[in-house]
Amino acid sequence: AAFNIMGDWAVAAFEEQDKELGTDFVAAASPGTQGVFDFLADSFTKPVGAPHPGGTDAWLETIGSLEGQVAFNKAKGSIPARTDADPADFSEYQQTAIESFANDTIVS
């Protein structure tokens with residue numbers, strides 16, 4: 001195949017294997033999407049009647065925190081929804097996604 005459209009998770013998988021962006025793989029926006037940031041959000045919720053509400057609360061506080069989002073997104077290859085994260089903490093690809101998220105039209 002000439003190319004395969006994959007999500008941010010693919011970058012994390014490549015980087016976990018010590019592959020380098022621009023050398024071992026490339027990342028590019030889908031054709032026709034210039035100026036658009038297309039997102040899919042991971043969602044974590046607290047269901048009514050959760051059997052361990054304290055644990056759920058702790059998880060939600062952790063994943064919603066700056067430290068939690070940085071750790072989660074660095075491992076996943078995605079970017080945090082929080083805008084107070086330092087782009088320098090992320091990979092080259094993630095830095096381009098953070099810039100796009102800040103400047104382009106956001107669509108789901």
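The values are calculated or read from the model by the stated rules, or taken from the named source; none is laboratory data. No experiment lies behind these values; they were computed from the predicted model shown. Here the Cβ is made from the backbone with ideal geometry for all residues, glycine too, and neighbour counts use every protein chain on show. These area figures cover heavy atoms from the full protein model, side chains too; ligands, DNA and RNA do not enter into them. Shrake-Rupley method; radii C 1.70, N 1.55, O 1.52, S 1.80 Å.
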Across segment 18-31, the tally of residues that are open to solvent by 80 Å² or more (accessible area, probe 1.4 Å) and modelled with pLDDT of 90 or more stands at 5
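Return the residues of segment 39-65 that are over 30 Å from residue 107 (Cβ atoms) and part of a loop (DSSP other than H, G, I, E, B); say none if nothing qualifies. Step through it out loud before you land on a result.
If we filter segment 39-65 for residues that are over 30 Å from residue 107 (Cβ atoms), which is where we start, we get 48-58.
Residues satisfying the conditions are 48, 49, 50, 51, 52.
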A careful count of residues in segment 1-17 that are at pLDDT 90 or above and exposed (fewer than 10 other Cβ atoms within 10 Å of the Cβ) gives 1
Residue hits (segment 66-85; aliphatic (A, V, I, L, M) and part of a loop (DSSP other than H, G, I, E, B)) are 79, 81, 85
Among the residues that make up segment 86-102, is at least one of them open to solvent by 50 Å² or more (accessible area, probe 1.4 Å) and not in a helix (DSSP H, G or I)? yes
Those residues of segment 72-85 which are within 20 Å of residue 6 (Cα to Cα), surrounded by fewer than 19 Cβ atoms within 10 Å (Cβ to Cβ) and not aliphatic (A, V, I, L, M) amount to 72, 74, 76
